[in-house]
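Single-structure report; data block below.
All of the numbers you see were taken from the coordinates with simple rules; none came from a lab. All values derive from a computational prediction rather than experimental measurement. Here the Cβ positions follow ideal geometry from the backbone for every residue, glycine too, while neighbour counts run over all protein chains shown.
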Amino acid sequence: MRLAALLIALCVGLIGSAAAQDTASQAVIDRMKAGKLMPISDVAVLMMGAERWCYRLQDGNCAWSDIYLAVSETDAIYEISNPWSEEIDISFVDRGVFRQDRYICETGNDWVPTVRGYERADGTAIEGRALAALREEIYSMVSVEDDDDCFDYLFQHHNKAKETVTLLQRHYVEGETDPANDALVTLYFDADAAADLGWYW
């Protein structure tokens with residue numbers, strides 16, 4: 001399988017080099033050009049190569065961000081972080097499945113039990129009853145079982161000096177996409193730069 005071979009190459013690249021941008025990711029980048037639709041097998045390599053995916057970057061902050069935790073030939077597990085309110089940021093773990101070597105699609109996975117919350121003002125963790133109340137609030141406002149949208153990616157550009165890659169994510173609802181829902185996503189391969197990112201409300 002192509003994805004399996006690419007994932008093996010990724011592991012070799014990570015072991016063989018201390019550079020922030022691994023050799024497997026660089027190989028994917030080298031064969032891309034602006035506007036090219038990316039196979040999801042290539043996107044999967046960048047998922048594990050990058051430290052963080054930052055969506056709609058503005059002044060060093062993201063509308064939301066992903067850290068990919070694990071990738072197989074069929075799916076990906078990732079941590080999403082975003083503001084829940086003006087006072088609270090949340091992070092949670094979700095899963096997407098790969099389809100047609102093009103899309104990653106939501107699965108209706110119940111991610112709410114994985115939610116962690118933090119005070120936006122100082123990063124203090126929300127725990128205990130306050131965390132339980134936050135999760136109940138989220139349940140009251142979202143229907144996770146209805147999450148079945150899909151996404152594909154067009155390559156935009158590579159900033160070698162900053163060790164970033166920019167993709168255009170297209171959002172499909174029932175097979176249809178609206179350019180108004182497109183999102184530029186900046187992939188950070190430098191761990192320090194990725195750690196400095198925040199989120200805007």
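Some observations on this one:
- Remark: 93, 71, 43, 173 ranked as 173, 93, 71, 43, counting other beta-carbon atoms within 10 Å and listing the fewest first.
- Segment residue 95..residue 174, full-extension length gain: 26.6 nm, with 0.36 nm per residue of separation and the alpha-carbon distance subtracted.
- Multiplying the residue separation of residue 201 and residue 37 by 0.36 nm and subtracting their alpha-carbon distance yields 56.0 nm.
- Percent antiparallel among DSSP beta bridges (both partners in the stretch 2-199, rounded to 5): 95
- Relative contact order of the chain, defined on C-alpha pairs under 8 angstrom at six or more residues apart (%): 22
- Most mobile of 32, 48, 141 in a GNM of the chain (Cα contacts under 10 Å): 141
- Packing-based exposure ordering (other Cβ within 10 Å, fewest first) of 73, 176: 176, 73
- Sparsely packed trypsin sites (Lys or Arg not before Pro) within the stretch 127-165, loop by DSSP, other Cβ within 10 Å at most 14: 160, 162
- Percent RCO, i.e. relative contact order, over the stretch 129-177, from Cα pairs under 8 Å lying at least 6 residues apart: 31
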